[in-house]
Each structure stands twice: as structure tokens, then as C-alpha cells.
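Single-structure report; data block below.
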Amino acid sequence: MKKILAAAVVFLAARATLAGEVSLRVDEPAGVPRKNFHVRSGVPFPKGLVKDASELALKGGAGPIPASIQDWVKWPDGTLMWAMIDFGVNLEAGKASTFNLEWGGGGSPKPAKPLSVDESGGEVRVDTGPLQFSVKPDGLASATLDGKKVLDDMSLSVTADGSDLAGAGSSVAIEEKSPVHCVIRCEGTHAGKFPYVLRFIALAGSPTVKMEHTWISDQDGEKVSVTSLEVRAKVAGAKGVAVGPGLLRKNQWGDYGIDPGAPEGAGSGETQVTQGTWNAFQTTGISQKGKHHRGWIALAGDAGLAVGVRDFHRLYRKGLKADPGSGTITAFLWAGPNPMPLKRHSPILNAHKPKSRGKPDPAAEESIGNSRGTARTHELTLHFFKGGAKEAGVDAVMAAADRPSIAYTNPKWVADSRTFGSIHPLTPGQFASVEGWTDRAMNWWIWNQHNDPAGHGNRGPWYGFFDYGDWQTSYMGEEWQYLNGRYSWNDNEPDTGHTLWLQYARTGDRLYYDAAEAFSRHAMDVDVTHIKGNPDEWGAGRRHCVSHWGEDAGYYGCSHTWVRGFLDAYKIAGLRRGLDVARAGAEFGWHVVMKGKKEWPGGGRTEELKDREFCLPFLSQVCLWETTGEAVYKQRADDVVK
């Protein structure tokens, strides 16, 4: 027994002295300087190498850096598989910095002024140092910058069928908190309809808050008319307005520079920017028009607030309005008067089905080919500043938010970690033919996403409120054709997000990261149904079709419920919504298949549960168990095997 104990002591001592590091590169892709910019990225580890995140520390050229490092995903043996890192970085325009994530030498230090979070009275209060703000279930209740009151209130609104439905929150909770960062989650509805989820993300020492706004349409898309989706902020002491510049394309891959004919503007009266199409905006109150707006507006006084919307022109129709008289900023996530495109492409189900596939079926089942249950998430940047917007560098802050810096991990490290199983990192001189074909296939898709002259409905590039992020398929000749049920939108078939994340992981190419993030954000909202109270619908994946919710072969079901790309987004980019939606997909699969339900939800189609109808729900249980470690998913997978 003494020998065994002695051996254990020696082993533990050796384990405690093991040290190592993995190099991380952080880029600046927008061509603007960044000060204390919030970087949030996942880093993988081989099984058994690091016990937990407390062993990790982030270091730069000047030594240890304050960082939040979380246990994000564990291996089955309890050791660390993925760590999530949040930290602030200073970068020169167009430059990159290298950091080392080390283990074996203790954790990261705290910031000089740690971020604090406390909860009471139905609100969560956050202090980043320069900025103090309170979060209520339907948005921010107040905000103060260096002792000056800037924000008096925030509210949400949906205009549906002519009625203005105000947001009413049901809960606010702390999802993550550390001395470096926090994530606050809110939930609610608009007058009992149209559920929403908000997330507010803050960093120590920063006057900027990121707001993720998820809106769900739980109404019949063939009947409801939604003409506005708004976030309103009440600003204290407003005296003047500032708006961001117009943009011009720099290249064919979706990069933009400032349009010299539409620079930043300023005024003293009500001002509104409307991006009605992907390539045309106009501004009232200030003389400004062009193709693509940066997507921010501000009210300024002694202190001010700027509100920006990421991918402003890609997610058109969009609008921004600021009125110094009332002290109100409004972000129109959908800007009327045109109604949101919630209807099917065709009012008749199967109207585009070729004769070889059967006659059109005029019988429209309510839950097939209906947008009910679709969602859309927007990222808003709330930047609090002193003085004028131009002097405060607001446009650089918004440009950085539109193209966030990320921490790249060496592809060989990713491959050696085996967190994606067995993948081969991009290696010059190896498999040149395969690599060439892979690049051409993916680059063709990405190029067309930003450049297709016709696209679906002759709208040009694959942009739009529900469209952006998705890809089109079945290209024949010079136009998009219907072919065997596959007309136009990809709708996550087959697990496209996972494919893109794998390509980024094995190459480290930012082009693939951007495509993977945009696709995952689209798919987890638009290509999944989000009717939480109905197990026949909650979490179900939609099939590729003319509309994202289909009308030809546009049913949803187990054979199109892919979750790996959502979990990749959670692991690599830290998108908590990816885990939320993957959980829903696993629950749908368990309900429909593993409980023995044979009939497809909402329709008359009945099939044997085989092939993808069986294996994808099984795969979702395995992937959720691997990601969360929760025993319920392991038990379900074991039950299927048995």
C-alpha cells in the first residue's frame, strides 16, 4: 500500500509540473484600430492534456493578460476538450498579434478594475469600470458613463396586423460572469406573441455592450403581416445626431471600404437611414445616399449613445432613426412599410413539383410549408461615448463590431487534438488535387453569395432578412432551376455549417470562418422551427426548397435535423444560441423517432424510420452528450443501440 501511495504522489507531482503552450493569433480584418476589443474564441485540447481551465493562463509580449477562461466542453475522462476565452485586445489597423495560452503555471490575473455583476429586484446590474448599466427582462433599464446618465430606458416592439405589440419580459438571468466579462440573458414575448431572447455581453474596462436580439414568429405566416420590428432606446441629454458612412465594395469576397461620396454625417434634427435593398440606402434629415450603409446612428450630448446593427445591408430591410427632440434612437430590425417576407413562395403546396414527381397538391397542411416557428437573430452594438461621435471614433468601433477579431488556433494543433475526430490539416504540397477541388467548390459558393447577378427571384447576391448566410443550390445554365425537390435554398443540407467549420478548423482561413458563422446563424434561426410548446415542431429541421420553410418538398422532420454545425459554432465562436438550438433538435429527434412516432409532424406523409430519419436523431444525442456531458443524452443513445 505504501508503494502504491508513493507512486501516486510521484505521478501527481509530475502531472502538476507538466507545462506547455498553444499559440493564438488575433487579427484585425476591418482596417481600423481597436482598443480593448472583446475577443471570444474557443481553443481545443487533446484528451488528458489539461485537467481544467484553472490551469490555463493567457500571455502576450508583456506578460500575463487578464482573461476569462472557462471549461467549455470536457472529454469523457473529465479533462478539458474545449476552453472558451474572453479577453480585450489592442490592435493597430490591419495588424495581428500573437498570444500564448499556457498551462502548468497558474491562472490568468484579474483586471485592474474587475467587472462586477449583481442581481436584485428583477434586474441585473453590471459595472465594467467606465460603464454601469442595468438589465431588465425587456432590455436595458439605464446606463451611466463615467458618472453621466446616458440611457433612461430601452423597449422592444413588433407591428403586426396594424397593432404595435410591446415587448414584455418574463425573466432575466446571468449566464456567464467573471472579473473579465459577463453574459446576461432575457426572455419574453410581445403581448403574448412573438417570443424573444436577448443576450447582453460586456467586457471589463469597455464602454461597449453587444446585444444579441432573437425574435421568433410563432404566428401563421400565410395570415400575419409584420411591418416593423424595433428596438428603442431613450437617451438622456441628447443634443445632436450622427450617422455612419456609406460603403463601397473593395473586392469580390464581401469586404467594404468607406464611400467618399457618403461620409459620416451630423445634424441637429430627426434623422433616419433606410436600407431598402442590399445595394441602395437613403437618409432623411441629413444629405446622404449610396449603396451600402455602415449601419449605425448616434445621439450625442455631454455623453452619447451609438447603436449599430451588424450586416446592416446584408440583412435588409433595415432602418435607423434618431430624434434629439424626444431623445429616442430606434433600430428597425425590419423596416416597413413593406411586410416581412413570411409567406410561401407559392400559395399552393407542391406547385413546382415536376410531372415526374406527381401532380400539384392544393391541400395545404398548416404546419408544412409555413414560416410559423422561424426566427432571426441580430447583433447590435451599443457604444457609449463622450463628446462628438466623430471625435470619439464611433465609426471605427462599429467597423470592428461588423468584422470582429478572433483568436486563430494553428490547424495542426486542432487536428492533433482530435476534437473533430481524424481530420488532416492543410499542408502545402500534400493532396494538391483534393485541396484544389475543395477550395473551388467552397469558393464558388462563397463568391456567388456575394456576387450572384440574378439569385433567387432576380434579387442578386444571396442577401436578405431571412436569406443571408444560406446558399443556393441546383444551378443549371444561367438561372436557378428546380431539380428533384432542390430549388434554391440549401437549408442546412447536409449539415453545411459543420462542413464549413471543419474547413476553417483545418485551414485557419478567415474566409471559411465568416461563411461558417453566417451560415450557422442563419440555419439555427431560419432552418429550424422554434415552437417551444409543441414537441412535434420544436427543434425540427426544415428541408431545402424554394422558400426556407418550403412548399414543394418543404416538410420538416428528422431527416433534416442536423445539429453538429450549431455545436461547432458554440465551441469555436462561443455562440450560446448554437447549444440552445442543438438541444431543441435533440429533443425533437427523441420525441419523433425514439419514442416510436412514425407519422411526419403536421402532414400525411408516413414512412419507415430508416437511414437519416433514424441515424440523425441518434447522432444528435451522441453530439449533445459529447458537448454537455449530460447523462440523459448518453442514456438515450445507449437505448437506441440496445
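Pairs linking a residue in the stretch 431-447 that is within 23 Å of Asp255 (Cα to Cα) to a residue that is among the small types (Gly, Ala, Ser) and open to solvent by less than 60 Å² (accessible area, probe 1.4 Å), with Cβ atoms under 9 Å and 6 or more positions apart or on different chains, are Met442/Ala515; Trp445/Ala515; Ile446/Gly254; Ile446/Ala515. Here is the figure for the stretch 28-46: residues that are touching a strand residue (DSSP E or B) at 6+ places or on another chain (Cβ under 7 Å) and either open to solvent by less than 40 Å² (accessible area, probe 1.4 Å) or within 23 Å of Ala505 (Cβ to Cβ) (or both) total 11. Within the stretch 209-221, being over 18 Å from Gly369 (Cβ atoms) and either open to solvent by less than 10 Å² (accessible area, probe 1.4 Å) or modelled with pLDDT under 95 (or both) holds for Val209, Met211, His213, Thr214, Trp215.
Restricting to the stretch 255-282, what's the tally of residues that are open to solvent by less than 10 Å² (accessible area, probe 1.4 Å) and not in a strand (DSSP E or B)? Looking only at that region, the number is 1. Scanning the stretch 403-435 for residues that are β-branched (Val, Ile, Thr) and either farther than 29 Å from Gly88 by Cβ or in contact with a Leu (Cβ under 9 Å, 6 or more places away or on another chain) (or both) turns up Thr409, Ile423, Thr427, Val434.
What's the total number of residues in the stretch 222-251 that are surrounded by fewer than 22 Cβ atoms within 10 Å (Cβ to Cβ) and either in contact with a Ser or Thr (Cβ under 7 Å, 6 or more places away or on another chain) or assigned to a strand (DSSP E or B) (or both)? Adding up the residues that qualify gives 9. Counting only strands (runs of 3 or more DSSP E) that sit completely within the stretch 111-179, those holding 3 or more residues that are modelled with pLDDT under 95 correspond to 163-177. Within the stretch 195-208, can one find any residue that is surrounded by 21 or more Cβ atoms within 10 Å (Cβ to Cβ), within 17 Å of Pro114 (Cβ to Cβ), among the aliphatic types (A, V, I, L, M) and touching a Gly at 6+ places or on another chain (Cβ under 8 Å)? Scanning the stretch 195-208 turns up at least one residue that is surrounded by 21 or more Cβ atoms within 10 Å (Cβ to Cβ), within 17 Å of Pro114 (Cβ to Cβ), among the aliphatic types (A, V, I, L, M) and touching a Gly at 6+ places or on another chain (Cβ under 8 Å). Candidates Gly129, Gly167: the one that is surrounded by fewer than 20 Cβ atoms within 10 Å (Cβ to Cβ) and in contact with a Leu (Cβ under 8 Å, 6 or more places away or on another chain) is Gly129. Tallying residues that are closer than 17 Å to Arg199 by Cα, open to solvent by 30 Å² or more (accessible area, probe 1.4 Å) and either more than 23 Å from the chain's Cα centre (by Cα) or without any contact (Cβ under 8 Å) to a residue 60 or more places away in the chain (or both) within the stretch 139-164 yields 2.
Within the stretch 210-231, residues that are over 30 Å from Leu131 (Cβ atoms) and in contact (Cβ under 8 Å) with a residue 24 or more places away in the chain have Cβ atoms under 6 Å from residues that are assigned to a strand (DSSP E or B) and open to solvent by 20 Å² or more (accessible area, probe 1.4 Å) in these pairs: Thr227/Thr159, counting only partners at least 6 apart in sequence or on another chain. Looking across the stretch 507-526 at every residue that is in contact with a Gly (Cβ under 6 Å, 6 or more places away or on another chain) and not aliphatic (A, V, I, L, M), the one that is most open to solvent (accessible area, probe 1.4 Å) is identified as Arg521.
Considered as a group, the residues in the stretch 391-403 that are touching a Lys or Arg at 6+ places or on another chain (Cβ under 9 Å) and buried (at least 20 other Cβ atoms within 10 Å of the Cβ) include one that is farthest from Ile258 (Cα to Cα), and that residue is Ala392.
Take the residues in the stretch 47-90 that are acidic (Asp, Glu) and open to solvent by less than 40 Å² (accessible area, probe 1.4 Å); name whichever of them is farthest from the chain's Cα centre (by Cα). Once the filter is applied, the top-ranked residue is Asp52. At least 3 residues being of a type outside the set (Phe, Trp, Tyr) and modelled with pLDDT under 90 is the threshold, and among the helices (runs of 4 or more DSSP H) wholly inside the stretch 400-508 those reaching it are 432-451.
The values are calculated or read from the model by the stated rules, or taken from the named source; none is laboratory data. Predicted, not measured: the structure shown is a model, and the values here were computed from it. Neighbour counts are summed over all protein chains in view; Cβ atoms, including those assigned to glycine, are modelled from backbone coordinates with ideal geometry. Ligands, DNA and RNA are stripped out before the accessible areas are found, and what is left, the full protein with its side chains, is counted by its heavy atoms. Shrake-Rupley method; radii C 1.70, N 1.55, O 1.52, S 1.80 Å.
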